[in-house]
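Accompanying notes for the structure given below.
The values are calculated or read from the model by the stated rules, or taken from the named source; none is laboratory data. Just so we're clear, the structure is a prediction, and the values are computed from it rather than from any experiment. Heads up, the Cβs are rebuilt from the backbone with ideal geometry, glycines too, and the neighbour counts pull from every protein chain shown. Side chains included, ligands, DNA and RNA excluded: accessible areas come from the protein's heavy atoms. Shrake-Rupley method; radii C 1.70, N 1.55, O 1.52, S 1.80 Å.
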Amino acid sequence: MAPNVDSAGNSHVEPVDEETAAVSVPDTSDTGESGKLKMIVQLVKKCLGVKDIASMRLSLPASLLEPIPNLEYWQYLDRPDLFAAINDSEDPLERMLAVLRFTFSKDLKFIHGKVCKPYNSVLGEHFRAHWDVIPVAYTSEPGQPPVQHLYLAPAAAESVYSTLTPLDTARSETASVKSGKSGLSVQSSASVTSRGTSVPGTPGKSTPATSPELFETQLDAEMSNLNLANDESSEPVELIEADEPPLTAERPRVRIAYLTEQISHHPPISTFLATCPSKHVELTGVDQISAKVSGTTVRVMPGSLNKGIFARLTGGPGEGEIYRITHPIAAVNGILRGSFYVTFCESTIVTCTGAKNGQNLRAVIEYKEESWLGKAHFLCEGVIHTYNPDETCHDEWTKVKHVPRSRVIATFNGSWRHLIKWKRVDEDDSAYKHLIDLSQLHGIPKACRPLEKQLPTESRKLWENVTSKLLSKEYSEANKHKQAIEQKQRDDAAERKRKGQQFVPVYFESNIDSGIPVITPEGRRALEEELKEEGSHPLEPIPTIG
């Protein structure tokens, strides 16, 4: 796939012929788990030997789809409170730790939810939403994680594989991470003071696609309560909403607005921007994946135009900093058993550029290779180190052992599904502190404008009929509505081809070569509208986004 450059110098994604017949999997009258498993096995067989599954035109029966649009499903704000906290500290190391907390929390759907297939996005489809969150609070003890207040669960018991065993490389000139028991309690102060239950989709927290009782509550329960390959806790946990501590009881909430648009259908590519103006933080990037069947797993990698996600600090303590967060390689396992779970491999690299104090920081998160036998342990280790932006040698430092020990300022390790601890490199093992405990965190529901206010190309409006039929288990009717949407897309593509026209996105510029999409004036207006939507809680003052 190569970009096509027009006379004005703008690059566009070169589309695949949209009239090519789609690879389909026939529906079956058996809508139970056994019927779905048969269809999945058929699909896997058709994908064997395909270089990139993501580039195929796959048409799946509605019964295999989760009732959620792709653009709504693929967002990185499962914990928007941690995203908003990135720019809170004056200390560059603390800001990097905050970025790491956000990085580990952005895919909670793969920890507490089930692996699912949302709807394929339509060219020109867009989705927008917002979150109003209580800002995190901080304890008086340095280095401790911030206190979060919403959608928490009691901490899971620390397992024998929540930390790494000591590596026998402590005396080498490269960084090594040792595990060590911290003397701190696994349970955070947020969960200790929490009382009561909170039901996703309650008024003021999210506007459902169809009705509060039908969409948000059912969907959130399906995606949040399923336990994936975690034998320690087979019972679903209740989501609890912490009482606001006295010092923050009257504190206004912060709003995060989100906008994403499908700018290419073949290959599927979307662009997105999230902004929290009151905290001077933005998140942006290009979403494109490449997938391949490998043995009994599906390996998912970033596509050629997906250069990671970028957190930009537009003011405040870290003004001018940009954190580039690369994607690891993910594997969907358990296909032949019909019990899916995700593992990560290789590394995630977080690189900070634009630092004003001269200390340029970079972090390596290395996901440990899983054994072919036994249960997955989901272990990771990592380092935070300094680097010289005028050099390129650090580009080769993709594993912990690659980083010279003289450059390391902090280490961390644990399980990316559970507890991760960190310490400064010159401290002993007794100094390990909690970085984040993923077992406590659940996704915070988003708020969307009601359907009557949405445009025909907005995800929930576009897929409204398919969603309602899926939720009522009227699969044949859901298929009819899904096929009508797909046919309209083919008709629109044929009409553009007949007229010699090229699709032009509405909310983002077509040129995505840098991996950082540029928002259009129309896109900025959409975000401004989202920031001004009426909410149920007082908000911090929202400056105009630039």
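For (1) open to solvent by 30 Å² or more (accessible area, probe 1.4 Å); (2) closer than 24 Å to K532 by Cβ; (3) within 16 Å of the chain's Cα centre (by Cα); (4) modelled with pLDDT of 95 or more, each residue gets a yes or a no:
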site: F83; (1), (2), (3), (4): no, yes, yes, yes
site: N87; (1), (2), (3), (4): no, yes, no, yes
site: P135; (1), (2), (3), (4): no, yes, no, no
site: V147; (1), (2), (3), (4): no, no, no, no
site: Y151; (1), (2), (3), (4): no, no, no, no
site: P154; (1), (2), (3), (4): yes, no, no, no
site: A170; (1), (2), (3), (4): yes, no, no, no
Subject >> 3 or more residues of a type in the set (S, T, Y) and touching a residue at least 12 places away in the same chain (Cβ under 8 Å): qualifying strands (runs of 3 or more DSSP E) within segment 250-340 >> reply: 254-264, 269-276
**OP:** Considering each residue of segment 484-515, count those that are more than 30 Å from the chain's Cα centre (by Cα) and at positive phi, and give that number.
**Re:** 1
**OP:** Give just the number: which of (1) touching a helix residue (DSSP H, G or I) at 6+ places or on another chain (Cβ under 6 Å); (2) closer than 25 Å to H130 by Cα; (3) modelled with pLDDT under 95 does A291 not satisfy?
**Re:** (2)
Subject >> Any chance T284 is on the phi < 0 side of the Ramachandran plot, open to solvent by less than 10 Å² (accessible area, probe 1.4 Å) and out of contact with any helix residue (DSSP H, G or I) (no Cβ under 9 Å at 6 or more places or on another chain) >> reply: yes
Original post:
Can V518 be described as in contact with a helix residue (DSSP H, G or I) (Cβ under 6 Å, 6 or more places away or on another chain), surrounded by fewer than 17 Cβ atoms within 10 Å (Cβ to Cβ), hydrophobic (A, V, I, L, M, F, W, C) and more than 15 Å from A257 (Cβ to Cβ)?
Top reply: no
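Name the residue that is nearest to the chain's Cα centre (by Cα), counting only residues in segment 357-385 that are surrounded by fewer than 16 Cβ atoms within 10 Å (Cβ to Cβ) and touching a residue at least 12 places away in the same chain (Cβ under 8 Å).
Filtering segment 357-385 for residues that are surrounded by fewer than 16 Cβ atoms within 10 Å (Cβ to Cβ) and touching a residue at least 12 places away in the same chain (Cβ under 8 Å), the one nearest to the chain's Cα centre (by Cα) comes out as E369.
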Original post:
Among the residues of segment 456-464, is there at least one that is of a type in the set (F, W, Y), in a loop (DSSP other than H, G, I, E, B) and either within 26 Å of the chain's Cα centre (by Cα) or surrounded by fewer than 19 Cβ atoms within 10 Å (Cβ to Cβ) (or both)?
Top reply: yes
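Can you name every residue in segment 373-387 that is in a strand (DSSP E or B) and aliphatic (A, V, I, L, M)?
Quick first cut of segment 373-387, residues in a strand (DSSP E or B) only: 379-386.
Matches in segment 373-387: L379, V383, I384.
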Original post:
Out of all the residues in segment 417-435, which are open to solvent by 10 Å² or more (accessible area, probe 1.4 Å) and either out of contact with any helix residue (DSSP H, G or I) (no Cβ under 6 Å at 6 or more places or on another chain) or within 17 Å of A363 (Cβ to Cβ) (or both)?
Top reply: K423, R424, V425, D426, E427, D428, D429, S430, A431, K433, H434
**OP:** With the condition kept exactly as written, say whether any residue in segment 307-326 is open to solvent by 10 Å² or more (accessible area, probe 1.4 Å) and within 21 Å of N120 (Cα to Cα).
**Re:** no
Subject >> Residue count for segment 103-127, restricted to those that are over 23 Å from A257 (Cβ atoms), open to solvent by 10 Å² or more (accessible area, probe 1.4 Å) and assigned to a loop (DSSP other than H, G, I, E, B) >> reply: 6
